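The values are calculated or read from the model by the stated rules, or taken from the named source; none is laboratory data. Only a predicted model underlies this, so the values are computations on that prediction, with no experimental measurement involved. So basically every Cβ, Gly included, is an ideal-geometry build from the backbone, and we count neighbours across all protein chains shown.
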Amino acid sequence: MNTPAPIVTRREALRTAALGALVVPVIGSAVAAEKKKTPEAALPTYASFPEGRENGLRLGVASYSLRNLPLDEFISVVKVMRISNVALFRLHCNWEGAPVAECREVGAKLKAAGLRLTGSGVVNLPNDEAKCRQAFENVKAAGMATMVCKPDVAALPLVARLAKEYDQRLAIHNHGPEDKVYPTPAIAFDAVKSLDSRVGLCIDVGHTVRGGEDAVAAIRKYASRVYDVHMKDSVAVPGAMRDIPIEVGAGRLDIRGVVRALLDIKYDGVVSFEYEKAAGNPITGLAESLGYVRGVLAAFAR
């Protein structure tokens, strides 16, 4: 029987998160300090967060949240936010088409910055072995832990074979009712359940709810194949064909229930924040979203 979770208000979560450490006005100066090669002692540290784990969950950022920033600036921002796990969108590295050497260099740059490449934006995998193999070569060269992807249904046997050959973990991303292939975790799970165990799910909690599925129940039901999670919030109603993103904790999703479910299943993947509300100025909302979940985790840990 699960222990009842403590009630966590938005105000309490934000307070517990100590958002003072993420005050947005100082982020610009902190990024500038990194660019000037501030002494290591003055930079944010991760010593208290092994593998980016905070009170039971590994937190990360999907670079789609900061897609308008060059890679070097993205790196600086996530370090200021005390994040060490990142998933790179195609604008920061084109996993489908870039040369292998370029992907290797990106992976080395992240590692040198103290960051772990834990995932990707959605990599399209067609029923074409040469194209699929190029994507696998690229993510392997960069040292990516889990390739977040969307295989053609006809390509699933090929993709499963390559996952085994490269020993590469894959996570199929559900994309809501407008996605005609994998709109919900249930449909994605049905597609992968008989495949090699390296092929699993990236549960996007916002798109899950828009697709008419309970994100909390999906995390629990498909726990054995949940390899990646995209954390977001939305005010869109179930069935909506267009998302209406908002800061995590301010929308319709049961974020507290999502966090509790991930803790209960002992989820060992990364919770990647994918903030989509304001592409032109996303840092404030991303910091608030991180702070809210950090507060929920801290409250659960009391």
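Selection within the range 261-302: residues that are over 19 Å from Tyr64 (Cβ atoms) and at pLDDT below 95. The member of this set that is surrounded by the fewest Cβ atoms within 10 Å (Cβ to Cβ) is Arg302.
Does Pro177 count as assigned to a loop (DSSP other than H, G, I, E, B) and in contact with a Pro (Cβ under 7 Å, 6 or more places away or on another chain)? Criteria met by Pro177. Of the residues examined, Asp243 is one that is among the acidic types (Asp, Glu) and more than 16 Å from Ile187 (Cα to Cα). Among all positions in the range 43-56, there is no residue which is part of a helix (DSSP H, G or I) and at pLDDT below 65.
Look at Leu170 and say whether it is at negative phi, more than 16 Å from the chain's Cα centre (by Cα) and of a type in the set (A, V, I, L, M, F, W, C). Spelling it out, it is not the case that Leu170 is at negative phi, more than 16 Å from the chain's Cα centre (by Cα) and of a type in the set (A, V, I, L, M, F, W, C). Looking only at the range 270-294, residues that are out of contact with any Leu (no Cβ under 9 Å at 6 or more places or on another chain), closer than 14 Å to Val229 by Cβ and not polar (S, T, N, Q) come to 1 in all.
Answer with yes or no whether Val258 is surrounded by 22 or more Cβ atoms within 10 Å (Cβ to Cβ) and either free of Cβ contacts under 8 Å to residues at least 12 places away in the same chain or in a helix (DSSP H, G or I) (or both). Yes. Note on the range 115-138: among residues that are out of contact with any helix residue (DSSP H, G or I) (no Cβ under 7 Å at 6 or more places or on another chain) and not in a strand (DSSP E or B), the one that is surrounded by the most Cβ atoms within 10 Å (Cβ to Cβ) is Ala135. The set of residues in the range 220-247 that are in a loop (DSSP other than H, G, I, E, B), closer than 30 Å to Arg198 by Cβ and touching a residue at least 40 places away in the same chain (Cβ under 8 Å) comprises Lys232, Asp243.
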